[in-house]
Each structure stands twice: as structure tokens, then as C-alpha cells.
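Down below is the structure, laid out as C-alpha cells.
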Amino acid sequence: MLAEDFSDWKPVSPSKTAIATINPIRGLLDSGVAKQTGKESSEPVINMSLGDPTIFGNFKTHPCVIEAVEKQLKSYHSNGYAPSSGNPQAREAIAKAYSDPDNGVIFHPQDVILASGCSGAVEMSIVSLCSEGDNILLPKPGFPLYKTNAESRGVNYKLYNLLAEKQWEADLPHLESLIDDKTKAILINNPSNPCGSNWSKEHVAAIIDICAKHRIPLISDEIYNGIVFPGVKFTSAASVSKNVPVLTLGGIAKRYLVPGWRVGWVTLHDPLNVLVNLRPYINNLTAIINGPNTLIQKSLPDILSGDFNEEFSAHLNSGLETNAKIIVDRASAIKGLTPIVPEAAMYIMILIDPEIFDSGIRNSVDFFNSLMWEEHVEVLPGDIFDFPNSFRVVITPPPEKLIEAFDRIKLFCERHYKS
């Protein structure tokens with residue numbers, strides 16, 4: 001048999017979707033750039049870049065959560081497929097746990113759609129509302145996965161400003177000025193990654209009013225619901241909406257300290273029933289992955305209704321507040337750094353004054369690279385979040401690690417001040 005000539009077979013071209021799909025955080029941290037260690041040293045890297053509360057082992061999920069999964073694992077009833085939109089008992093448990101009857105929010109199981117983590121819920125909500133050529137309004141600074149999902153599907157985005165001087169409240173006039181006839185949704189993230197902010201009820205209501213005025217649905221990423229510091233009150237967007245449809249994104253990753261379990265959800269609050277045409281199609285989207293982890297779904301009724309929840313949340317939030325105070329105190333004492341005091345979530349944004357540093361630190365990307373190279377401390381540059389001259393710190397490492405990290409950051413800054 002004669003050998004066939006394949007010389008005319010050209011390299012396969014990637015799709016437009018593949019080319020457009022870029023996750024800036026993963027790209028930065030997985031590229032190897034952040035793994036450089038520079039000078040010879042036995043010092044280990046202190047990771048304050050990845051929003052994974054399990055890295056250091058000081059924050060652990062409650063034994064009751066583990067027991068709930070163990071119970072389902074041993075039952076042999078959780079190993080098969082569930083409906084792609086979610087296990088019925090899981091949907092019912094989420095609906096019950098997140099309903100707010102005092103504010104007229106009653107979720108039913110059909111209002112809950114399960115997703116593969118909250119990142120899957122982000123994709124589902126954006127794709128269900130926006131077509132190619134449409135646009136969505138996103139926060140700045142904001143979690144870059146929102147842009148990744150929009151760009152991947154040919155959806156344009158516009159960035160509305162969050163104001164550091166106002167504890168990261170949205171610049172409402174700026175937000176409203178971005179709306180046009182192609183705007184299909186406004187997305188908020190409260191409590192915020194990367195800001196660690198928690199908006200007042202009045203501010204959430206003001207955004208709802210803008211949505212109502214322009215007849216635009218709201219996507220509210222509330223994955224950090226329940227993670228607010230002692231004495232701080234969280235307001236869910238659905239609880240203040242009497243006429244605007246709200247797609248609320250949630251999950252167990254952060255509140256229960258299990259980001260690898262990959263179960264999130266979208267809840268539909270639709271007081272005027274204007275999502276009637278959307279509902280069947282958002283359910284259709286779940287068939288793409290045929291639903292998230294069945295074992296964890298079946299465990300949700302026990303997890304969400306557990307008596308341990310209030311005590312567990314109080315302990316977690318108290319620990320996070322303690323860590324945040326350490327970071328704020330340490331960063332405030334370093335010339336050129338200004339931390340914006342957080343009230344929630346797992347992050348602090350720290351502003352950098354590049355004018356006081358030498359030519360090696362012209363911006364936050366230089367700060368990130370040089371800090372990692374010289375002192376083996378990994379943060380994330382604000383540019384990742386569309387907020388130059390800043391960096392994000394994850395507040396979940398143990399206090400002793402935070403103190404050590406900021407001792408190194410102080411030495412780094414002192415080394416790079418202009419003479």
C-alpha cells in the first residue's frame with residue numbers, strides 16, 4: 001500500500017470562542033511568571049493571590065458538612081445522574097434557605113437552577129440574557145471572570161466605576177450613563193471580590209431603581225453572602241426589588257470553605273413575571289454540562305439546614321475580621337500603600353502611590369513581579385481587576401503568615417523608595 005501524502009493538511013484553526021476565552025488570573029498565575037523566585041533563598045512563597053480559603057489549612061469546613069457528604073456517599077443513592085437543572089431536593093433546599101418572606105421574596109424549586117460552581121452560574125446568567133453584539137455593565141474594579149464570559153460569547157461589556165473613597169460604592173451617574181439600547185443586563189458583586197466591600201440597603205436600592213427606570217434585569221453575584229464582618233448587615237438585591245427581575249448567583253464554595261466541590265446556583269426573583277420567556281432557555285443551558293456534582297447536590301439539604309451554620313459563620317467572619325485588621329494596620333504603616341478597609345468577603349484592595357517608588361516600580365504589575373521575585377510574596381496586581389496602581393490581598397492566611405508577608409512587603413518598599 002502506497003503511503004498517503006498529508007503535506008496539504010494545514011494546522012487546525014481554533015474557534016473564535018476559544019480565541020476569545022482568556023482568564024487573566026489563571027493566565028497570570030499559571031504562566032510561570034509568578035513562580036519565579038529570583039534571589040537564592042530558602043524562604044517559601046507566601047500566597048496571598050488565590051481566593052481559596054483552604055490553602056493554609058487554618059480555615060476548615062465544619063465537620064457537619066463533611067458528614068453530610070459522607071452520608072450521601074455511603075447511601076449509594078448519589079452516584080447517578082440528576083436532572084440537568086438540579087436535584088429536586090437540592091433546589092428545594094436552596095429555595096427554602098434563601099427565601100426572605102419578610103421582604104416578599106419567596107423562592108420555589110423551579111426558581112433555582114444548579115450550576116458548576118458560582119463561575120458556572122456567572123456564565124449561565126450572562127449567556128441566557130446576552131447575545132453576540134449586546135452589552136453588559138460590569139464593575140470596575142471587578143472579578144475578571146465576568147469579562148471572560150462576555151468576551152468568549154461575543155458579548156461586549158462596559159465598566160462602571162466603583163469609588164474607593166466611598167468604600168467602593170458604584171458611581172451611579174457613571175453607571176447610568178453607560179446604558180444604551182444594546183444593554184441587556186447590569187451585574188453587581190456584593191459583597192465584592194476584589195474589594196471586600198458590603199453595600200448598604202440604600203445603595204443596592206439605588207441600583208435597582210436604575211434597572212427599573214431602564215427596564216434592565218440585574219445579575220447579582222452574591223457568592224459571599226453570609227461572609228460579612230461582625231456588626232455588618234448584608235442586603236440581598238432580591239430583597240429590595242419589587243419590580244426588577246434579579247438573577248442571584250450563589251454557591252457553597254466560600255461560605256462553607258469548599259471551592260473545589262463545584263456546586264453553585266442561579267435563583268430567579270421575578271416579581272412582574274417578565275422572565276417567563278427566559279426560564280425554559282436558561283434550563284436548556286444546563287444540559288451543556290448535564291448538571292453539577294450529584295453527590296454534593298444530594299448533600300445540600302443537610303448542609304443548608306444544619307444547626308451549626310450560625311455558629312460556623314460567626315467564627316469564620318470573626319477570624320476574617322481579625323486578619324483584615326492585621327493587614328490594614330501593617331499596610332497603613334508602609335509609606336506609599338493605602339488599604340481600603342473591608343467589611344466582608346475575603347479580600348482587601350491596597351492602593352499604591354507609584355510616585356514615591358523608583359523606576360523599577362512604575363505600576364502595579366511591576367510591583368507584583370518584583371515583590372514575587374525579591375521577597376516571594378504573591379499578591380494580584382490591580383490591573384487584573386481594571387484598577388491600576390493597586391493590588392489585591394487575600395485575607396485568609398494565618399495571622400503569623402500575614403505578619404511575615406507584610407514584614408517582607410515593608411522591606412521591599414523601603415528598598416524601592418526614591419532616594
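The values are calculated or read from the model by the stated rules, or taken from the named source; none is laboratory data. Since we're looking at a predicted model, the values are computed, not measured. Note that each Cβ is placed from the backbone with ideal geometry, even for glycine, and that neighbours are counted across all protein chains shown. Accessible surface is based on the protein model in full, side chains and every heavy atom, while ligands, DNA and RNA are left aside. Shrake-Rupley method; radii C 1.70, N 1.55, O 1.52, S 1.80 Å.
Here are the numbers for the structure shown:
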| item | result |
| --- | --- |
| Any pair with Cβ under 7 angstrom, 6 or more apart, that starts in the stretch 113-135 at a residue that is more than 21 Å from residue 274 (Cβ to Cβ) and ends at one that is among the β-branched types (Val, Ile, Thr) and at pLDDT 95 or above | 114/263; 115/266; 117/263; 118/223; 132/155 |
| Selection from the stretch 308-340 of residues that are β-branched (Val, Ile, Thr) and free of Cβ contacts under 8 Å to residues at least 24 places away in the same chain | 328, 338 |
| The stretch 20-53 - residue that is modelled with pLDDT of 85 or more and open to solvent by 60 Å² or more (accessible area, probe 1.4 Å) and, of those, farthest from residue 367 (Cα to Cα) | 44 |
| Residues within the stretch 206-227 that are under 29 Å from residue 292 (Cβ atoms), out of contact with any Ser or Thr (no Cβ under 8 Å at 6 or more places or on another chain) and open to solvent by 20 Å² or more (accessible area, probe 1.4 Å), tallied | 1 |
| Residue, most open to solvent (accessible area, probe 1.4 Å), within the stretch 336-357, restricted to residues that are in contact with a strand residue (DSSP E or B) (Cβ under 7 Å, 6 or more places away or on another chain) and outside any strand (DSSP E or B) | 343 |
| Top-ranked residue in the stretch 397-419 [being among the basic types (Lys, Arg) and surrounded by 13 or more Cβ atoms within 10 Å (Cβ to Cβ); ranked as farthest from residue 347 (Cα to Cα)] | 415 |
| Any pair with Cβ under 6 angstrom, 6 or more apart, that starts in the stretch 349-377 at a residue that is closer than 19 Å to residue 326 by Cβ and not assigned by the TED database to the domain that holds residue 28 and ends at one that is modelled with pLDDT under 95 and surrounded by fewer than 16 Cβ atoms within 10 Å (Cβ to Cβ) | none |
| Filter result (open to solvent by 20 Å² or more (accessible area, probe 1.4 Å), assigned to a helix (DSSP H, G or I) and touching a residue at least 24 places away in the same chain (Cβ under 8 Å)) within the stretch 94-109 | 96, 97, 98, 103 |
| Positions within the stretch 110-147 being under 13 Å from the mean Cα position of the chain (by Cα), closer than 22 Å to residue 19 by Cβ and open to solvent by 10 Å² or more (accessible area, probe 1.4 Å), in sequence order | 119, 120, 123, 143, 145, 147 |
| Selection status of residue 71, surrounded by fewer than 22 Cβ atoms within 10 Å (Cβ to Cβ), in contact (Cβ under 8 Å) with a residue 12 or more places away in the chain and outside the structural domain of residue 298 (by the TED database) | yes |
| Test: residue in the stretch 250-260 that is crowded, with 18+ Cβ neighbours inside 10 Å, hydroxyl-bearing (Ser, Thr, Tyr) and more than 25 Å from residue 200 (Cβ to Cβ) | yes |
| Among (1) modelled with pLDDT under 95; (2) surrounded by fewer than 14 Cβ atoms within 10 Å (Cβ to Cβ); (3) on the phi > 0 side of the Ramachandran plot - the single one residue 291 does not satisfy | (2) |
| Evaluation of residue 78 against (1) of a type outside the set (Phe, Trp, Tyr); (2) at pLDDT 95 or above; (3) assigned to a loop (DSSP other than H, G, I, E, B) (one fails), failing number | (2) |
